[in-house]
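Take a look at the structure set out below.
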Amino acid sequence: MILFGILAASGAGAATLSVAGYFAGGTNAGTFATVDKFEFPSDSRTTLGTGLSVSRRGLTGMSNSNVAGYVAGGRNSSNNPVSTVDKFEFPSDSRTTLGTGLSSARSLSAGFSNSAVAGYVAGGTTGSKVTTVDKFAFPGDTRSTLGTGLPTVRDNMAGMSNSGVAGYAAGGLAGPTSDVIKFAFPSESRSTLATGLSAGREALGGMSNSGVAGYTLGGYEATTVATVDKFAFPSDSRTTLGTGLSSGATYPSGMSNSGVAGYAAGIGFTTTVNKFAFPSDSRSSLGTGLSAARTDMSGFQDEAL
């Protein structure tokens, strides 16, 4: 995913207005440390003066709305996996790096969040695929590893979140697979949805409209696709949008402004950012896209519900 993109809903004492979404890192003939910020609801873009602590791709995001966003793992400019977790405080966007990173250096994980409670980094590759799910408890950012991880080793997944209810890791390279794995909050008990993706798919992204639906974005089957699958909460029933991404994409990233819109970027090596208006799911493209053409990023957001 996230990255791969994820959703976090607001916790107690949250502000009454959503603030911004972010796309971090990525690749295009090199790796990026860039963090682009899109203000809600205008969608105007700025680029943070302080980006990631190290440029990287194949990273994933977590969010604790009104508190901080996190960017975890990935591969650096030497193509080595890292365990780094960077934290961006809201609303200042100041960056620190957690003393305790991932339990192993890895990339291509799925990220999801239970805002005000914890963020999760699921699966990925250290060079070999893993089943590991790391949990970062908010607000202390202490890390533990779930006793029950993914049912099989996999990477290249999408993350989706229904904060306070469940997190999801969808698809991935274990076939590729159509499996969607669900972790119920707060028990973190794991199940596999009876209805998975509309096809086995890897290298896909995710975004969410908390309390309403989660979405998977693009990816690779036997070819690159523009498909957007939608999973309605809480039933997890799946439909496929009539209008997908503006073009086929592997490694797209998503972020969300729940109740308003979801955003997909990294649609090929372009600056394009697609916007899906909730609840209609109608698609448009922002007049101002990314600050530079790139893909394989992480998405996170500061939103209030």
Of the criteria (1) in contact with a Pro (Cβ under 9 Å, 6 or more places away or on another chain); (2) at pLDDT 95 or above, which one VAL133 fails
(1)
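Just for region 188-242: of the residues that are of a type in the set (D, E, K, R) and in a loop (DSSP other than H, G, I, E, B), which one is surrounded by the fewest Cβ atoms within 10 Å (Cβ to Cβ)? Please lay out each step first, then the result.
Step one: list which residues in region 188-242 are of a type in the set (D, E, K, R), which gives 188, 190, 201-202, 221, 229-230, 236, 238.
Restricting the remaining residues to those that are in a loop (DSSP other than H, G, I, E, B) gives 188, 201, 221, 236.
Details: GLU188: 17, ARG201: 28, GLU221: 19, ASP236: 19.
Of everything passing the filter in region 188-242, GLU188 is surrounded by the fewest Cβ atoms within 10 Å (Cβ to Cβ).
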Output the qualifying pairs, or none if there are none: Cβ atoms under 9 angstrom, residues six or more apart or on different chains, first residue in region 204-221 and more than 14 Å from PRO279 (Cα to Cα) and among the acidic types (Asp, Glu), second residue assigned to a strand (DSSP E or B) and at pLDDT 95 or above.
GLU221/GLU202; GLU221/THR227
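Which of the residues spanning region 117-130 are in a loop (DSSP other than H, G, I, E, B) and within 16 Å of THR148 (Cα to Cα)?
The initial filter retains those residues of region 117-130 that are in a loop (DSSP other than H, G, I, E, B), namely 117, 123-124, 126-128, 130.
Residues satisfying the conditions are GLY123, GLY124, VAL130.
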Top-ranked residue of region 20-36 - restricted to ones that are surrounded by fewer than 19 Cβ atoms within 10 Å (Cβ to Cβ) and under 20 Å from the mean Cα position of the chain (by Cα), ranked as farthest from VAL82 (Cα to Cα)
ASN28
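Of these, GLY175, GLY159, which one is buried (at least 19 other Cβ atoms within 10 Å of the Cβ) and not polar (S, T, N, Q)? Before the answer, list the steps.
Numbers: GLY175 fails: buried (at least 19 other Cβ atoms within 10 Å of the Cβ).
Of the residues listed, the single one that is buried (at least 19 other Cβ atoms within 10 Å of the Cβ) and not polar (S, T, N, Q) is GLY159.
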Identify all residues within region 52-69 that are in a loop (DSSP other than H, G, I, E, B) and either under 13 Å from LEU108 (Cβ atoms) or of a type in the set (A, V, I, L, M) (or both); write none if there are none.
LEU52, VAL54, ARG56, GLY58, LEU59, VAL67
Could you tell me which of the residues GLY268, GLY299 is under 24 Å from GLY74 (Cα atoms), modelled with pLDDT under 95 and buried (at least 19 other Cβ atoms within 10 Å of the Cβ)?
GLY268
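The values are calculated or read from the model by the stated rules, or taken from the named source; none is laboratory data. Treat the numbers as computed from the prediction; the structure is a model and nothing was measured. Glycine also receives a Cβ, built like all others from the backbone with ideal geometry; neighbour counts cover every protein chain displayed.
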